[in-house]
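Comments concern the structure below.
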Amino acid sequence: MNCSMSERFHLNTPLLESVGMSKQLGTTVYLKMENAQPSGSFKIRGIGHFCQQLARQSRGVVCSSGGNAGMAAAFVARKMGLPATVVVPSSTSQLVVRRLQDQGATVRIVGKVWDDANAEALRLAETEELTFVPPFDHPLLWEGHASLIVEAAASLGPGVKPGAVLLSVGGGGLLCGVIHGLKDVGWMDVPIIAMETVGADCFNAAIKAGKVVTLVDITSEATCLGAKTICQRAFEYSQSSQLTIISELVTDQEALHAIQMFLDEERVLVEMACGAALAAVYSGLIPRLQNQGRLPTPLGPLLVIVCGGSSINMEQLSSLKQKLRS
């Protein structure tokens, strides 16, 4: 074993003030820079916690992922001295497959979307007696992700409470973890702005339908948001009278514009899934929500979860620009 089990795998990431975004919104914007995690995204918090609890005596781990959960599982497994198998759908870029292999994982490509890869990972867990690492739907993951809010509260200091928390939603793991964290620090009255792209919008679809629904297909380029069904717990939170969760959509073009703006202003390249949250600032959605009375005016500091993501580089960015030029 390469690390003592008392160690955690994630870092306490920087909380940075964004001058550009703050100027645009007229309120202070803080960025929780989860892109700085060793696996490239927030996923390492929950997956690290999950593996420490459940995979110590394991023969190995198996995870299904469009990228970031797999990267986290592969990183944690390598640190724990365990073999890792990551099953990804065919929509996964070569870049991500290569990065997973660089982390020492065995990569299997199965099916068109995440749900297909997940079914195969569950089968492997059973037939090969591996520990199945769920990418987003497990209480231990949410417990791990909650640390992100606890850190942000400590960085902001006593007496400072955000006016809202802004994040992206894929399968709902980050959302559940953030709510867990808001409970831990006594911020349950802070509104959450939950962003998805059109075509990867299982949370918004569930809220509109009043029940959990399964999307026919993922048509967005933000493939890392590409779960076809939201986790049950996230949907239940959306129905809770104790919480304010504002579910909104942006187009792929708006998410792409946001990652380009973020690269120019903050000198950091994040993937499309993260761009969905950033687009709430860059596309003018937040003032629109204030005008509709759905967010307070004036708004207290905005806490933006920069969830990160490994499935982006300059070549990928150029190809997205080509694809989405319309």
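State whether segment 129-180 is rounded, prolate or oblate according to the following rule on the C-alpha gyration tensor (a ≥ b ≥ c being the square roots of its eigenvalues): a/c under 1.5 gives rounded; otherwise a/b larger than b/c gives prolate, and the remaining case gives oblate. Prolate shape, in that a/c is at least 1.5 and a/b is the bigger ratio.
Of all segments of the chain bounded by GluC sites (Glu not before Pro) found in a DSSP loop with no more than 15 other C-beta atoms within 10 Å, the longest spans 130-326. Against the compact-protein benchmark of 2.2 N^0.38 Å, the Cα-based radius of gyration of segment 17-72 scales to 1.63.
Kindly identify segment 47-109 as rounded, prolate or oblate by the Cα gyration tensor criterion: order the square roots of the eigenvalues as a ≥ b ≥ c, call it rounded if a/c is under 1.5, otherwise compare a/b with b/c, prolate if a/b is larger, else oblate. It is prolate, given that a/c is not under 1.5 and a/b is the larger ratio. The list [x] 25, 25, 18; [y] 31, 25, 18; [z] 29, 22, 19 gives values of semi-axes √(5λ) of the Cα gyration tensor in Å, and only one came from this structure; which label was calculated from it? Here the calculated entry is [z]. Need one word for segment 105-228: rounded, prolate or oblate. Basis is the Cα gyration tensor (sqrt eigenvalues a ≥ b ≥ c); a/c below 1.5 gives rounded, then a/b vs b/c decides. In terms of gyration-tensor shape, oblate.
Taking a straight Cα-Cα cut-off under 13 Å and skipping sequence neighbours fewer than 8 places away in the same chain, the aspartates and glutamates within cross-link reach of Lys23 are Glu265.
Cross-link pairs exceeding 21 Å in C-alpha to C-alpha distance, out of Lys161/Lys183; Lys32/Lys228; Lys208/Lys323; Lys112/Lys228; Lys32/Lys211; Lys43/Lys79, comprise Lys32/Lys228; Lys208/Lys323; Lys32/Lys211. Within the chain, DSSP assigns beta bridges of which about 15% are antiparallel (rounded to the nearest 5).
Once both labels are positioned 7 Å from their Cα atoms along Cα-to-Cβ, the gap between Gln292 and Lys183 label points is 2.8 nm. Ranking His10, Gly163, Ala227 by Cα position along the charge dipole of the chain, where only Lys, Arg, Asp and Glu carry charges on their C-beta atoms, puts His10 farthest toward the positive end. Once the mean of 1/r is taken over each pair of separate Cα atoms and inverted, segment 253-326 shows a Kirkwood hydrodynamic radius of 13.2 Å.
Whenever you get a sec, compute what percent of the accessible area on segment 129-206 sits on carbon and sulfur atoms (1.4 Å probe). Ligands and nucleic acids excluded, carbon and sulfur reach 57 percent. In this structure Thr223 has an accessible area near 60 Å², from a 1.4 Å probe over the protein heavy atoms. Rolling a 1.4 angstrom probe over the protein heavy atoms with all chains in place gives the chain an accessible area of 40 Å² per residue.
By DSSP, what percent of the beta bridges with both residues in segment 150-264 are antiparallel, rounded to the nearest 5? The antiparallel proportion sits near 10 percent.
Note on surface exposure: Arg294, Arg45 rank Arg294, Arg45 by accessible area, highest first, 1.4 Å probe. By the scheme Lys and Arg +1, Asp and Glu -1, what is the net charge of all other residues having a beta-carbon under 11 Å from that of Ser91? Here the charged neighbours net out to -2. Relative to the current alpha-carbon distance between Ser241 and Ser319, full extension at 0.36 nm per residue lengthens the span by 23.8 nm. Among His257, His10, the order of accessible area from largest down is His257, His10, computed with a 1.4 Å probe on protein heavy atoms.
The values are calculated or read from the model by the stated rules, or taken from the named source; none is laboratory data. Fair warning: this is a prediction, and the values are worked out from it, not measured in the lab. Neighbour counts run over all protein chains shown; Cβ positions are idealised from the backbone, glycine included. Calculation scope for accessible area: heavy atoms of the full protein, side chains included, ligands and nucleic acids excluded. Shrake-Rupley method; radii C 1.70, N 1.55, O 1.52, S 1.80 Å.
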